[in-house]
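Worksheet for the structure shown next.
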């Protein structure tokens, strides 16, 4: 294992009941890089992402085998607390899901849950997170406004602020801009580029253009298997696998 | 570093689960306690049901707590009227030694053999035959606990109620869900559903003061309060129930059924009768069953509108007394543990069983419809 | 007998329409008669005064008070239990679990039991078993808790209205989208924290609706309190859990069937019935309004 690998999986398999959704996935995710997961719909990339913060635990029929390590610790070990794991590994969802609370309360939710009660500290964290999500200037005048009153792009940035408020080390993003217009998308992509200095980012995207714009490393998934992984430029210009090439050139997917 | 602790949460979540099982526990308890107070009926000897003797024969080892309450102060025993030597319903010499005079002898725990019935003269019959007789006179010198008049009363009222409420409720539902234009439906549906919110005591009051006089005048009846009035009043409580369930059922019929039939040229009314209605039958039937259950178990309306006379007759225009009314009216006056008390709990157990059975069957029909719907109804 | 189809069609429309109209008319007539008979008597003195002269004069305040006390105690017991049960059924058990199915079966059964049987349970369990047992332990057998009183009557009612609360709260919990729960969990909140901070606040409307519907039912049902605590005339208002109480529905029942001079008490009978009707309808309308508001929010 490399010192600069943040997350790795070895022979990861996932079954939803009878369906074999992830097959023998071996993947190394480098620290402080943006890793993109691409592939056609249903290929398992979102499922894989959810394994990294144990969100698949919520699904009754899901069975996981293999190893997933974050900083060298197997996160599926018996003595690992998923709650603390999720503090370290945060998630942004495809459809933004701010709580029906004020902007302030949305961002303060995570820190509060993790025990921070002091009002001043919370205010400090909220401001820092909103700045980090490039949202501060737009909302600083009224933090008591409902999170739901923001535009789609702003809501998603609010969710990003919310996620970084708990001071994670990894950010998992599941098609974060797919529901947004091009301008909002561009803002999110720019934000991702900035965030990678402080966080390790794994982003699932169905847009190859987005992957090539935003990521350092790319992994191509197909039918539950991780087919090929490498530096983004290499994957998009000279992939080693035929399946990868077919997908990239648009022959399917 | 990740490790797991959180005791507080664990306890709270266990607490939540426990409370949630309370409803399950409640059902079990209701079943247990209602039936438990009725259990002595099995250990009773016939003569205790027809009065005359102190019911010492409830030696029921089975009835743990209750038998202790038999043979309460001697004074109580006196009120049973018939002195030992003249048993009413059977001719056996009093074999219950416990009645030898001194209070100490009245020991409910002492195993006295129940006198065997029917060796001389009038046979006592079994407890069962006592219960199934046609006389319900629980209070008096010679109490009788025949439940037939009560059961007949309940059946009469429930039948009249269902015969009115089922057609009216189903037709009304058919109208508002299929025939009626939008504005009519929006106006009528809430009003009919408001009917469900009228407390039964108000319906009973209405029946007692207005309806009874009306019915008596219109039909020229002898008795003002009778089964008919009770049944009509009861239907007012049942209609909203049948209406709501039928309406839900009819509205749930997929629109393409209707469209397909209309596209073939069938008029709306025929479509509704031949296509929509049959598709909704399981739900409607379930509604009628639940309505029947309500009609049998409802208490206040019959207490106020049926005249409360435990007569066993085929006539619909004479006063009746239902099972539920008997419990409601008599329970406050009974002595804890005596045969009357036990019989009322027996009646309660009967009601429990009937409503349980009707509920269970109705559930099957509702589930059947859901399965048919998702399993590809054609 | 061959009737032209057109006429059959008209007949069907007539019969069904007639049924609907008849029902509507019936409801309006009942309400109208009660209003007409009782409206005139609805004065402040009536609502705030006590009964006088054998119920032929005076007011019904004790009955109103008793009813309010009854439903308050009932809600204090029933609403939390119902809410917790609904939470358990929706947040903790899966679709297929046996526990979930067993509890739902129990709730459905509870909903179908006749009200009078609840009264019997109140008598057999609460009054005789719990109350009598408490008396043996605390008072050496002297009669203190083991008799009809407002506590046992309220608990009996709470059991009766439990299914109503559970269904309402469940309805509200189901409108909370899955994404909100996932968002909370992804931030490192536990399941309990998610329920407390996200699901419950969103379900408040449902809890309120459930409570209101339960109260409406509790104020209207008389059968369960016939022998678990209601009384026709009490010189004092209940001030302790061991007291009996007067109640609107019970009052109507006794007054109209057993009062010494039924004719003389007629105006009061109508007025009391009207008060009960106004109470129940106001509660029901509030619940309907809340539910409509809830549906509106769910669609957003």
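Bear in mind that the values in this text are calculations on the coordinates, not laboratory data. Because the structure is a prediction, the values reported are computed rather than measured. When we count neighbours, we look across all protein chains shown, and the Cβ atoms used for this are built from the backbone with ideal geometry, even at glycine.
Table for the structure above
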read-out: Shielding of C:7-19 by partner chains, average beta-carbon count, 10 Å; value: 6
read-out: Most fluctuating residue given options C:289, C:126, C:245, as computed from a GNM of chain C linking Cα atoms under 10 Å; value: C:289
read-out: Chain A: angle of helix A:152-164 to the longest principal axis, Cα-based, in degrees nearest 10; value: 90 degrees
read-out: Near-label residues of the stretch C:249-277 by backbone N, under 12 Å of a point 7 Å along Cα→Cβ of residue C:47; value: C:275-276
read-out: Using alpha-carbon coordinates, inclination of helix A:182-195 to the longest axis of chain A, degrees; value: 90 degrees
read-out: Neighbouring partner chain Cβ atoms per residue of C:159-167, average, 10 Å criterion; value: 1
read-out: Relative contact order (%) - the stretch C:32-170, alpha-carbon pairs under 8 angstrom, separation at least six; value: 28 percent
read-out: Top of C:62, C:114, C:163 by mean-square fluctuation, Gaussian network on chain C, Cα under 10 Å; value: C:114
read-out: Shape category assigned to the stretch A:20-78 from the gyration tensor of Cα positions, a/c cut at 1.5; value: oblate
read-out: Sum of -39500 (n - 2.57) over DSSP H runs of 4+, divided by residues of chain A (222 nm, nearest 500); value: -10000 deg cm²/dmol
read-out: Calculated P(r) tail over 33 Å for chain C, as whole % of Cα pairs; value: 40 percent
read-out: Residue of A:67, A:243, A:121 that the Gaussian network model of chain A assigns the largest fluctuation, springs spanning Cα pairs under 10 Å; value: A:121
read-out: For the stretch B:148-374, alpha-carbon Rg relative to the globular expectation (2.2 N^0.38 Å, N residues); value: 1.15
read-out: Average beta carbon contacts from partner chains per residue of A:18-31, 10 Å cutoff; value: 0
read-out: Shape call, the protein assembly as shown: gyration tensor on alpha carbons, a/c limit 1.5; value: prolate
read-out: Alpha carbon convex hull of the stretch B:163-236, volume per residue in cubic angstrom; value: 99 Å³
read-out: Ranking of A:193, C:7, C:145, A:136 by count of other Cβ atoms within 10 Å, fewest first; value: C:7, A:193, A:136, C:145
read-out: Anisotropy class of the stretch C:3-122 from Cα gyration tensor, a/c 1.5 cut; value: oblate
read-out: On Cα atoms only, tilt of A:103-113 relative to the major axis of chain A in degrees; value: 70 degrees
read-out: Least to most buried among A:208, C:204 (fewest other Cβ within 10 Å first); value: C:204, A:208
read-out: Residue order, fewest to most surrounding Cβ atoms within 10 angstrom, among B:353, A:43; value: B:353, A:43
read-out: Sorted peptide list for B:269-276, C:65-72, B:213-220, criterion being average Cβ within 10 angstrom, highest first; value: C:65-72, B:269-276, B:213-220
